[in-house]
Amino acid sequence: MLLTTRNCLSVLAAVGMMVATAESARAATTIVVDSRYPTVCQTATKKTKTIQAAVDMAIAGKVPATILVCPGTYPEQVAITHTPDYGPVLTIKGTQTTTGPAIITAPTNGLVPNFASAAFGNVAAQFLVHGEAQVSVSYLTIDGSGAGCPGMSGADRTAGIMFANVGDPATSTWEAGTVRFMTVQNLLPTFQAECGHSDGIIAENAFIVMNDNKISDVNDIGILEFAGNAQIVRNQITNGFNGLFAGIYMTGPDGCVDSACAHPIDVSLNQITNTKEYGIALVNGTNNVTVDRNVFNPAVSTGVYLSGAHDNAVVVNTMNFPWTGITLDNGSSNNLIEGNILKSCNFACIKDKASHGGNTIDWNDFLTSANYGLWNYFPSNDDVYGTLNQGVPVAVCNATTSVEITLADVPHWELVNGQSYCAVP
């Protein structure tokens, strides 16, 4: 057979692919973790008794690794970071056998600070990833039972899972980490000042995915994002004790990681129950976020709160029994508030308080009862209030004072030309 230049190039390319595939297969490794070691639930040449030992083994080997965690209880704080010459690429997951979950619990002496955060101070994290690493974690339970009082050990905040400073802000979307199908529970569920605040998942300057997780009974925030860029979808967040401060709290992330803004942050399809202040809060320059099809159930003080937030879309969410459904505050601008269903609002379904213009509020349904459908305090003249906000009743109030009106002092409704307006008693 006569080999032309084109044929030679094709053969060389095929050989190159075969070599690359073989090298990749040789490089990857699997490590099995079993608390009953040396007995293990999976076959592998590398075995350990603790998750941290498996992480350390993978980093020392300087090859990508899959760490399979057998059912059992693992009392440890897991910490993953890079060495001077290697950033780990790890997939860590429970084996999902029928014999039970893989549970990371607090060590015998409780949780202690293991990360100095620029944003949050000393953090005691049960599962920590920081620095140059790419980590996917799934199908594990993080149980804070036995955490003790981390505040007494110097912790400013406690977290079930924390990713910090992972990913390159110049190029990243969400490739630096994945947190999926995780359960975080029982982490200081009732706040005590000396022990400090606890959060389910913290993402600090992290470019990761946080989807399909169950977070229950932490005392402050279900998912806390500071800067970075994260996808937050289909999570279930609740507190059965005194309620959360917020279900999802985002401060400073911007969904435009490129000039075309091709990757807006997606916060969708979450179920949030029993929050004291906010269901979802977008604050301090949180921009280009889509808050879509989330469901908020009692008790929620404010369903979605925007403060100094711009170019966000809050669309097709359902809120039950909020004090205020959606709030635009502190110069928020160019936000779209559309297609939301707001049921039994105690004060106002939508509150526009000192926004800076360009907001569009339309096609929202105010159902069953509300003192105000829309409550305004010095809204921008550039805001657009559509005529298609509907429901019974739809009362519009232009307030003259920055002090929110308590329920007992709410002005009565008065029909003027067939419209409901607030009137001072």
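Note on Lys351: lysines with a C-alpha under 22 Å away, same-chain residues under 8 apart excluded, are Lys276, Lys343. Averaged over residues, the count of other Cβ atoms within 10 Å places the peptides 62-74, 300-312 in the sequence 300-312, 62-74, highest first. Label-to-label distance for Asn284 and Cys256 is 2.1 nm, based on points extended 7 Å past Cα in the beta-carbon direction.
Relative protection proxy for 272-278, 330-336, from highest mean packing down: 272-278, 330-336 (other beta-carbon atoms within 10 angstrom). Annotation for Thr97 and Gln271: the two label points, set 7 Å from Cα along the Cα-Cβ direction, are 3.0 nm apart. The gain in end-to-end length when the Phe191 to Ser136 segment is fully stretched comes to 16.8 nm, 0.36 nm per residue minus the alpha carbon separation.
A Förster distance of 45 Å, applied to the separation of the beta-carbon atoms of Ala53 and Ser344, puts the FRET efficiency at 0.30. Among Cys149, Cys195, sorting on how many other beta-carbon atoms sit within 10 Å of each Cβ, with the fewest leading, yields Cys149, Cys195. Listed by chain and number, the lysines whose C-alpha is less than 16 Å from the C-alpha of Lys62, apart from same-chain residues fewer than 8 away, are Lys46. Sorted on the mean count of surrounding Cβ atoms within 10 Å across their residues, most packed first, peptides 151-163, 81-93, 180-192, 199-211 read 199-211, 151-163, 180-192, 81-93.
Read-outs: derived from the displayed coordinates by stated rules, not from any lab. Bear in mind the structure is a predicted one, so any value in this text is a computation, not a measurement. Note that we place each Cβ from the backbone using ideal geometry, even for glycine, and neighbour counts take in every protein chain shown.
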